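Have a look at the structure below, then the notes.
The values are calculated or read from the model by the stated rules, or taken from the named source; none is laboratory data. Treat the numbers as computed from the prediction; the structure is a model and nothing was measured. Here the Cβ is made from the backbone with ideal geometry for all residues, glycine too, and neighbour counts use every protein chain on show.
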Amino acid sequence: MRLIFLFCFFYLPLLSVCQERIEFLSKNPFSFKDIITNLENQPNQEVYGILRWPKNHFKNLENICPPDSIFKVPLIIAVAGSNGWASHHYEYLEMYRENGIATFELCSFQSRGVVSTVGSQVKVTTAMMVLDAYKAFEKLSTDVFIDSKRVGITGWSLGGGVTLFSAWEPLKKSINSPLSFSAHLALYPPCVVQPTNLNFGDTPIHILIGEHDNWTPAAACVELVNGFSPPKNIDLTIYPDAHHSFDRNSPIEINKNGYILEDCRFTLMDNGRVVTNFLNIPISTPFLQKIGVGLCAKRGPTYGGNIKAKTSALDFAQIFMTTHLKNK
């Protein structure tokens, strides 16, 4: 009883602010190959994120002291795109919390002193952020109020790629996490990197993308999903007349620094090695990545909001996550 008293007296008041900064140790692998073949030798990196609790969480906690059992909630780890966190991302996270799901905003950019990686994704890479997501998951799984068996991941653009490849088994096994995400919802991810090994586990994965997305083209995601035979746990929704970042509240415009990747495809090997589909140029260093992308891409993709697509995506996200996290 004394331990229960101490828990209620010291821990619950800390939660009354409804959010917490959570810090954990990750690393800085440039590529998936660095994770799969040489993770232990990658430099360490302190990373943090913001944990926010569901709206009614503390009302539900009023009667747990002394508790018969700790009141645990599901969690969604969220990953921003190349421009960092934006207002449209927070709309999803607020919606999740209103539905009784805690959210964790992964701050991979801020932790490394980076504002944006648009046009040059070398300072903070997909590999770094996938590792960050798992290290955050491991840290958060120790929280007595989080149900580690009901944790999903979602992300936008670059964060969508993190969401997608966090399910890729060769990568997951190399990270050696004892934990598995229960749902992966990737919004307009870069599907241009296509693995020869299509083992993405058996947890549900869904991609939401716009028909006219030329930054992270929908056609590449169609190719990826169609490569599964049958596509047992991965599915795709394409929104008509929608561009990249279709869930923004801004009109269509051109990003002069971004890449149009419609003509780019890369092959991902089992050992994490990525090569271009032309000339087999390895994407293993910042310089080679710049060369490989430069040979197939041009600058100036379009991006901006489509209210119909945004509304549909928010509705889908609510149903997808509550189905796989709250009803599990």
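Listing for the model above:
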| read-out | value |
| --- | --- |
| Counted residues, segment 292-323 - those being under 18 Å from VAL192 (Cα atoms) and either exposed (fewer than 15 other Cβ atoms within 10 Å of the Cβ) or in contact with a Pro (Cβ under 7 Å, 6 or more places away or on another chain) (or both) | 5 |
| Test for LEU288: is it under 21 Å from LEU171 (Cα atoms) and not in a loop (DSSP other than H, G, I, E, B) | no |
| Test for LYS149: is it closer than 24 Å to ASN38 by Cβ and surrounded by fewer than 22 Cβ atoms within 10 Å (Cβ to Cβ) | no |
| Condition check for PHE278: surrounded by fewer than 22 Cβ atoms within 10 Å (Cβ to Cβ), aromatic (Phe, Trp, Tyr) and not in a loop (DSSP other than H, G, I, E, B) | no |
| Lone qualifier among ALA242, ALA309 - being touching a residue at least 40 places away in the same chain (Cβ under 8 Å) and not in a loop (DSSP other than H, G, I, E, B) | ALA309 |
| Among residues of segment 148-167, those that are within 20 Å of PRO217 (Cα to Cα), in contact with a Gly (Cβ under 8 Å, 6 or more places away or on another chain) and free of Cβ contacts under 8 Å to residues at least 60 places away in the same chain, counted | 1 |
| Answer residue from segment 176-221, given it is assigned to a loop (DSSP other than H, G, I, E, B) and in contact with a His (Cβ under 6 Å, 6 or more places away or on another chain) and is nearest to PRO301 (Cα to Cα) among those | TRP215 |
| Selection count where residues are part of a strand (DSSP E or B) and surrounded by 18 or more Cβ atoms within 10 Å (Cβ to Cβ), scope segment 245-259 | 1 |
| Test: residue in segment 202-220 that is more than 29 Å from ASN306 (Cβ to Cβ), in contact with an Asp or Glu (Cβ under 9 Å, 6 or more places away or on another chain), free of Cβ contacts under 8 Å to residues at least 60 places away in the same chain and surrounded by fewer than 16 Cβ atoms within 10 Å (Cβ to Cβ) | no |
| Residues of segment 222-239 that turn out to be surrounded by 14 or more Cβ atoms within 10 Å (Cβ to Cβ) and in a helix (DSSP H, G or I), as a count | 4 |
| Cβ-Cβ under 8 Å pairs, at least 6 apart or on other chains, segment 39-56 side farther than 30 Å from LEU325 by Cα and assigned to a loop (DSSP other than H, G, I, E, B), far side among the basic types (Lys, Arg) and at pLDDT 95 or above | GLN42/LYS27; PRO43/LYS27 |
